[in-house]
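Structure record follows, encoded as structure tokens.
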Amino acid sequence: MTTQPRVSHMVPAMFGSDDGIVGGAERYALELARNMALRVPTRLISFGERARAGKIDELEYRVIGNPWYVRGQRCNPIALSMLSELRGADVVHCHQQHLLASSVAALCCRALGKKVFVTDEGGGGFDISAYVSTDRWFNGHLHLSEYARRCWSHEGQPWAHVIFGGVDTIKFSPDDSVRRGARVLYVGRILPHKGIADLIDAIEPEMHLDVIGQAYDSDYLVTLHRCAEGKDVVFRHDVDDSALVDAYRRALCVVLPSVYRTADGRETKVPELLGQTLLEGMATEAPVICTAVASMPEIVEDGVSGFVVPPNDPQSLRERILWLSDHPESARTIGLAARHRVLDKFTWPRVVDRCLQIYAGERA
């Protein structure tokens, strides 16, 4: 491989509402590829109902139109033309392991002597891996957190690395002209394992809560509205990046209260692989509160850049929210430490550095 490898990232769908998906995995792949294109020649290959191509900053992207969806799964597209798109790459980085397209890409790259890596962002569909492990079909696995590496039983393996995730620290940044208010903020998908019901339960009548995110479970959304009756809770489902940044900047704190087990007995083994909205809030100098679940304690240093509380514990959430409200100077210090932690460890250039070192066969 040359010192300037040609890299192709492959993701099932582009990030965005235009024939794409507004999701964390899609945003992650796009941002990593966009920032990598500032360093080495990089392309992003994806799939959609219509073919198109373009450029975002230095990143070239190609959407392969009219793919075959394996077993009708929208998250599991494949097309033979993807192989010609990947032919010019020295390194192929697949996003989501357990997809037929990723398995086919891995086999073809191995046959052609190209390096192939994978990052699993928690999705997947029907694949060859249902019958045989495809772990070693890839030169390496690039995990979002130590927790993710453990989830896939890859701890201690020399080919399994942790690259973490990044934030656009220019877009997600503090603004001294914007004053922090009294509203607590949740940002993320509206699903039971996100623990939003616990957060609403933690909100007392004099508190204020904004819930920003897409609702993927209509019954759960009805339940949340019922829980919020008599409280100042506002649900916002269509928020662009500009409005989202403004909400982070004005928030008293950002809370991600995810759980392994919900009150009605639903269980999720992998509630968070990283905690992207925590990083976004921290980058704007917002104090954050998260639960001691999955990867989140790797992001938040308890008592320094935020607070880590037990899951399924509205009382602990309430106590920390009230403490931040009652101690504005300390909250400001925590917010400053939060942004410093992001700048030190969770920027896209740092993630790109780790990936390029791993591509070249070095330890990140």
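So here's what we get for this one:
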read-out: Checking E272 against (1) over 19 Å from S258 (Cβ atoms); (2) modelled with pLDDT under 95; (3) among the charged types (D, E, K, R), the condition it does not meet; value: (1)
read-out: Any hit, segment 202-209, residues being surrounded by 20 or more Cβ atoms within 10 Å (Cβ to Cβ), of a type outside the set (S, T, Y) and assigned to a helix (DSSP H, G or I); value: yes
read-out: Segment 182-216 - residue that is small (G, A, S) and at pLDDT below 95 and, of those, nearest to T134 (Cα to Cα); value: G188
read-out: Matching option when the condition is modelled with pLDDT of 95 or more and exposed (fewer than 13 other Cβ atoms within 10 Å of the Cβ), among E229, E267, E298; value: E229
read-out: I170 buried (at least 20 other Cβ atoms within 10 Å of the Cβ) and either at pLDDT below 95 or of a type outside the set (S, T, N, Q) (or both); value: no
read-out: Test: residue in segment 189-199 that is crowded, with 21+ Cβ neighbours inside 10 Å, in a loop (DSSP other than H, G, I, E, B) and either in contact (Cβ under 8 Å) with a residue 24 or more places away in the chain or on the phi > 0 side of the Ramachandran plot (or both); value: yes
read-out: Filtered residue count, segment 232-258, keeping only those that are among the polar types (S, T, N, Q) and buried (at least 20 other Cβ atoms within 10 Å of the Cβ); value: 1
read-out: Exclusive hit being of a type in the set (D, E) and assigned to a strand (DSSP E or B), set E31, E26, E60; value: E60
read-out: Residue ID - modelled with the highest pLDDT, chosen from residues in segment 57-100 that are under 17 Å from V40 (Cβ atoms) and surrounded by fewer than 13 Cβ atoms within 10 Å (Cβ to Cβ); value: D57
read-out: Residue ranges of helices (runs of 4 or more DSSP H) in segment 286-364 with at least 2 members without any contact (Cβ under 8 Å) to a residue 12 or more places away in the chain, out of contact with any Phe, Trp or Tyr (no Cβ under 7 Å at 6 or more places or on another chain) and not hydroxyl-bearing (S, T, Y); value: 314-326, 328-345, 348-359
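The values are calculated or read from the model by the stated rules, or taken from the named source; none is laboratory data. Everything numeric here is computed off the predicted structure, so don't read it as measured data. Cβ sites come from the backbone with ideal geometry, for glycine too, and all protein chains shown count toward neighbours.
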